[in-house]
Amino acid sequence: MDNNTTTSKNIFENKHAQKYLYPVDLAECKRSNILISGTNQQGKSLLAMAISDILMNEGWRMLAFDSVGHWSKKSSVPNYLIATQKNMEWTLTDDSLIYDISRLLPFFQREYLEVVLSELWNYAIEQQPEYWTLIVLEEAHLYCRYIRGLVSQNLMRMASVGSNWKIRILAISPSLTGLDSEFIRLCQQRHHFRLGNELNSKRRMRAFYGLDYTRIALSLPIGTCLYYLNEKLTICSLPLFKSNTKPQPLKRQSWFEKYIYNKELAK
């Protein structure tokens, strides 16, 4: 372990981490995207929920695309909307919202995401809201493997230039191999939980951080991650996130009225 590696004891020198007990830099959240990777059942989603909770307290709006189905049970995002094959409804509000797309096949999940992001981009340009928006992607390898392809145009432009319109992305993925290398480079704040033993996963990790960090990542215990920020890696042991509130189903009448109101403002 070299001089660029620190331990969880001094990660809290960052005033935001000290305040919230999680490794997150609020200034960097606006400059670049966030990546959380690691094998299953290591705490990736709980960390993403903790970061979402922190940013909501700072005035951000969360739009979480949940392909797993557990954000509406464990997160502090106030509302959720369920999409099904028969009813793929969606909306945009000024409030944070979970899009529960766990009932859709992956093809339709990608299609759903692109439709919502297209409307979000146009809304941001027309309305220029004062708040920042974080797009959270569960199982991000479903969307970010070929982010430079034709099927991910809205996702790519938000990942690259979304900060100009106060939009950033948080991606959660079981490994780095399922993500476009360009997207990884656009994430200057990364949290890596335990690395899987697959050859390609180890090769990708070694290409970014070297052999020593790859060996460390292979043996990380549950709830511990490597935190990358400003070209430095820190080993962080994270507290378990538990929400004190439970998300509620989005009321159709309330969001519809707000949606129509926003459309009228855009004219």
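What number of residues within the range 92-124 are touching an Asp or Glu at 6+ places or on another chain (Cβ under 9 Å) and in a loop (DSSP other than H, G, I, E, B)?
Final tally of qualifying residues: 4.
Go over the candidates SER181, SER163, SER201 one by one and state the one that is farther than 20 Å from TYR22 by Cβ, of a type in the set (Ser, Thr, Tyr) and in contact (Cβ under 8 Å) with a residue 40 or more places away in the chain.
When all the criteria are applied, what remains is SER163.
Only one of these is buried (at least 16 other Cβ atoms within 10 Å of the Cβ), of a type in the set (A, V, I, L, M), closer than 23 Å to LEU46 by Cα and in contact with a Phe, Trp or Tyr (Cβ under 9 Å, 6 or more places away or on another chain): LEU229, LEU195, LEU170, LEU176. Name it.
Among LEU229, LEU195, LEU170, LEU176, only LEU176 is buried (at least 16 other Cβ atoms within 10 Å of the Cβ), of a type in the set (A, V, I, L, M), closer than 23 Å to LEU46 by Cα and in contact with a Phe, Trp or Tyr (Cβ under 9 Å, 6 or more places away or on another chain).
Looking at (1) under 14 Å from ILE135 (Cβ atoms); (2) modelled with pLDDT under 95; (3) buried (at least 18 other Cβ atoms within 10 Å of the Cβ), which is the one condition that is false for ALA83?
Evaluating ALA83 over (1) under 14 Å from ILE135 (Cβ atoms); (2) modelled with pLDDT under 95; (3) buried (at least 18 other Cβ atoms within 10 Å of the Cβ) leaves (1) as the failure.
Kindly indicate whether LEU46 is crowded, with 16+ Cβ neighbours inside 10 Å, at pLDDT 95 or above and in contact with a Cys (Cβ under 8 Å, 6 or more places away or on another chain).
no
With the structure loaded, tell me whether SER75 is closer than 22 Å to CYS187 by Cβ, surrounded by fewer than 18 Cβ atoms within 10 Å (Cβ to Cβ) and among the small types (Gly, Ala, Ser) or whether it fails that test.
When the stated conditions are applied, SER75 does not pass them.
I'd like the residue in the range 125-156 that is buried (at least 18 other Cβ atoms within 10 Å of the Cβ) and of a type in the set (Gly, Ala, Ser) and, out of all such residues, is farthest from ASN40 (Cα to Cα).
Looking at the filtered set, the residue picked out is SER152.
Enumerate the pairs (first residue in the range 93-106 and under 8 Å from ALA64 (Cα atoms) and in contact (Cβ under 8 Å) with a residue 60 or more places away in the chain; second residue anywhere and in a loop (DSSP other than H, G, I, E, B) and among the polar types (S, T, N, Q)) with beta-carbon separation below 8 Å, excluding pairs fewer than 6 apart on the same chain, so at least 6 apart or on different chains.
LEU97/THR91; ILE98/SER75
What residue, among those in the range 217-226 that are crowded, with 19+ Cβ neighbours inside 10 Å and touching a helix residue (DSSP H, G or I) at 6+ places or on another chain (Cβ under 9 Å), is farthest from SER32 (Cα to Cα)?
ALA217
Quickly run through the range 41-91 and pick out the residues that are β-branched (Val, Ile, Thr) and not in a helix (DSSP H, G or I).
Residues satisfying the conditions are VAL68, VAL77, ILE82, THR84, THR91.
Starting from residues that are among the hydroxyl-bearing types (Ser, Thr, Tyr) and either surrounded by fewer than 18 Cβ atoms within 10 Å (Cβ to Cβ) or modelled with pLDDT under 90 (or both), keep the ones in the range 232-264 and report whichever is farthest from LEU218 (Cα to Cα).
TYR261
Kindly provide the set of residues from the range 69-88 that are without any contact (Cβ under 8 Å) to a residue 40 or more places away in the chain and of a type in the set (A, V, I, L, M, F, W, C), ordered by number.
Listed by number, the residues that qualify are ALA83, MET88.
Quick check: is even one residue across the range 49-56 touching a strand residue (DSSP E or B) at 6+ places or on another chain (Cβ under 7 Å), more than 16 Å from ALA140 (Cβ to Cβ) and modelled with pLDDT of 95 or more?
yes
Residue under question is TYR146, and the condition is that it be aromatic (Phe, Trp, Tyr) and assigned to a loop (DSSP other than H, G, I, E, B); does it hold?
Details: aromatic (Phe, Trp, Tyr): yes; assigned to a loop (DSSP other than H, G, I, E, B): yes.
For TYR146, the condition - aromatic (Phe, Trp, Tyr) and assigned to a loop (DSSP other than H, G, I, E, B) - is met.
Has the range 203-220 got any residue that is closer than 23 Å to SER75 by Cβ, at pLDDT below 95, part of a helix (DSSP H, G or I) and of a type outside the set (S, T, N, Q)?
no
The values are calculated or read from the model by the stated rules, or taken from the named source; none is laboratory data. It should be emphasised that the depicted structure is a prediction, and the values quoted were computed from it without experimental measurement. Reconstructed Cβ throughout: ideal geometry from the backbone, glycine too, with neighbour counts over all protein chains shown.
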